[in-house]
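The values are calculated or read from the model by the stated rules, or taken from the named source; none is laboratory data. If you're wondering where the values come from, they're calculated on a predicted model, not measured in any experiment. Here the Cβ positions follow ideal geometry from the backbone for every residue, glycine too, while neighbour counts run over all protein chains shown.
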Amino acid sequence: MLITNGRVVTFGAANEILENGAVRIEGALITDVGEATRLEEAYPEDDIEDAGGQLVVPGNICAHTHFYGAFARGMAIPGDAPRDFPEILTKLWWRLDRALLDEDVKYSALVCLVDAIKHGTTTLIDHHASPSALLGSLDQISEAVADAGLRASLCYEVTDRNGQAEAQAGIDENVRFLRAVREMGNPLLAASFGLHASLTLSDETLADCVAAAGGLDTGFHIHAAEGIADEEDSLRRSGKRVVERLNHAGILGPKSILVHCVHVDAWEMEILRDTQTWVTHQPRSNMNNAVGVAPVETMLRGGIRVGMGNDGFSNNMWAEWKAAYLVHKLWHGDPRRANGYDIMQMAVRNNAALAKVFWPAAPLGELSPGACADLILVDYHPFTALTAGNLPWHILFGFEADAVTSTMVAGKWLMRNRRLLTLDEEAIAARALELSAKVWQRYAELDG
């Protein structure tokens, strides 16, 4: 297949914008990229897909999300509004996740996957919790991901907050799914070992997780220092700050993801750098929870590998770009903060490098020969010059959520000309509406 008549944004190490460009796809991979006339002459037998002058861009990557939170949209929290982050956890999330049953888990994922396809997010790293439907929950999500045709890495969050037996069940679900993924034969699915956060994990459970992960060639995916309460809890438990405690437990490393890291200090950042642990930045969530703003510019300058997620907000990753670009300026009172290149470094280059941890066979997040054929068409026709140098600012100030017209993963169209091809959005929304009403009722009946 040849996608021609497009303005090809390559991203990758040497980002280029190819006017009147083309991308050749064979199977799940890109085999050639260049000027349209050259490719059309070189591959005369290929089917032609006319991009109509749109931008041809690598699919967006989300480094941390929560499919299970979808049914929280519009839900009222009984009583007084939460005053701080611990109350948000106890009043909202730890009641909602307990209210989910098997089918709810699947449809929470499906509505998020519809959203991802429509917004051009082709790769997602999810972090799941459903204590009342724990066993096999990752299978429910993986079935939804397979139906959608997207690329996703899944894990289950282990926590002690509901007792030792449930913590062990979470460990078992991670181990089971890590092994199952290898047998499924779906190259779009991957897995990690999920942990909730330091403040809900004992030393004993951390040790059990590390032992259970032995021989599985996996890292860990855990929230860290999201709120100041996490640091205070860690100091009470161990006399160590969160990153120090997790490092001492054997959690950190080049395949592990620490989510948020809002309240880390200089010594913790040094540990993150030296262990090559990944950090992900979720500015919309941090603002919503009023936990602060992560020092990602300092981390990037110091060589820490920082990517960008959405923490369960919409899968319009350009909205996350915009939030990151603006919030650091406001937080520091300095319009020079959060340069557009820093935002692109996190959201494109670093997210692509993180994705390679889970899909090492071929590059993601770039359009180049040998890369995965994960791409989107963007209906954006600027009235000012568009170059590789000013591209971040066009994305930040020009790209909108409805600009994505087509989405492809592994050489397969999931949406073409704004028509979903793999999922029935209307049927999914109708069933989700029925299920969410029951989830809300169970949520209301649970103790806070």
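A few points about this structure:
- Of all the residues in region 172-208, those that are modelled with pLDDT under 95 and buried (at least 18 other Cβ atoms within 10 Å of the Cβ) number 0.
- Residue count for region 195-229, restricted to those that are closer than 22 Å to residue 269 by Cβ and either assigned to a helix (DSSP H, G or I) or not assigned by TED's automatic domain parsing to the domain that holds residue 254 (or both): 5
- So residue 303, is it more than 14 Å from the chain's Cα centre (by Cα), in a loop (DSSP other than H, G, I, E, B), at pLDDT 95 or above and not hydrophobic (A, V, I, L, M, F, W, C): yes
- When residue 61 is tested against (1) at pLDDT 95 or above; (2) of a type in the set (Val, Ile, Thr); (3) farther than 20 Å from residue 221 by Cβ, only condition (3) is not met.
- Pairing each residue of region 287-312 that is without any contact (Cβ under 8 Å) to a residue 60 or more places away in the chain with any residue that is surrounded by fewer than 18 Cβ atoms within 10 Å (Cβ to Cβ) and aromatic (Phe, Trp, Tyr), provided the two are 6+ apart or on different chains, yields C-beta distances under 7 Å for 293/331.
- Looking only at region 407-437, residues that are in a strand (DSSP E or B) and without any contact (Cβ under 8 Å) to a residue 40 or more places away in the chain come to 3 in all.
One line per residue, one yes/no per condition, for (1) under 26 Å from residue 403 (Cβ atoms); (2) assigned by TED's automatic domain parsing to the domain that holds residue 221; (3) not in a strand (DSSP E or B):
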residue	(1), (2), (3)
280	yes, yes, no
284	yes, yes, yes
294	no, yes, yes
312	yes, yes, yes
321	yes, yes, yes
334	no, yes, yes
341	yes, yes, yes
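- Restricting region 279-324 to residues that are among the basic types (Lys, Arg) and in contact with a helix residue (DSSP H, G or I) (Cβ under 7 Å, 6 or more places away or on another chain), the residue that is nearest to residue 348 (Cα to Cα): 305
- The set of residues from region 249-288 being surrounded by fewer than 20 Cβ atoms within 10 Å (Cβ to Cβ) and polar (S, T, N, Q) comprises 275, 276, 288.
- All of 69, 27, 12 fail the test of being within 26 Å of the chain's Cα centre (by Cα), assigned by TED's automatic domain parsing to the domain that holds residue 195, within 30 Å of residue 144 (Cα to Cα) and small (Gly, Ala, Ser), apart from 69.
- Test result for residue 353, in contact with a His (Cβ under 7 Å, 6 or more places away or on another chain) and under 20 Å from residue 269 (Cβ atoms): no
- Filter result (in a helix (DSSP H, G or I), crowded, with 19+ Cβ neighbours inside 10 Å and either of a type in the set (Val, Ile, Thr) or touching a residue at least 60 places away in the same chain (Cβ under 8 Å) (or both)) within region 115-143: 116, 117, 118, 141
- Subset of region 390-406 (residues that are part of a loop (DSSP other than H, G, I, E, B) and at pLDDT below 95): 400
- Each residue in region 247-262 was checked for being β-branched (Val, Ile, Thr) and part of a strand (DSSP E or B), and 2 of them qualify.
- Within region 230-246, the residues that satisfy the criterion of being part of a helix (DSSP H, G or I) and either touching an Asp or Glu at 6+ places or on another chain (Cβ under 7 Å) or among the polar types (S, T, N, Q) (or both) are 234, 238, 242, 243, 244.
- Of the residues making up region 354-392, those that are crowded, with 16+ Cβ neighbours inside 10 Å, of a type in the set (A, V, I, L, M, F, W, C) and over 14 Å from residue 31 (Cα atoms) number 10.
- Filter pass, residue 37 being of a type outside the set (Gly, Ala, Ser) and surrounded by fewer than 21 Cβ atoms within 10 Å (Cβ to Cβ): yes
- Pairs where the first residue, in region 345-362, is in contact (Cβ under 8 Å) with a residue 40 or more places away in the chain and not assigned by TED's automatic domain parsing to the domain that holds residue 216 and the second is in a helix (DSSP H, G or I) and among the polar types (S, T, N, Q), C-beta under 8 Å, 6+ apart: none
- Among the candidates 159, 90, 123, residue that is over 30 Å from residue 409 (Cα atoms) and in contact with a strand residue (DSSP E or B) (Cβ under 8 Å, 6 or more places away or on another chain): 159
- Flag for residue 230 being over 18 Å from the mean Cα position of the chain (by Cα), under 22 Å from residue 293 (Cβ atoms) and either surrounded by 21 or more Cβ atoms within 10 Å (Cβ to Cβ) or in contact (Cβ under 8 Å) with a residue 24 or more places away in the chain (or both): yes
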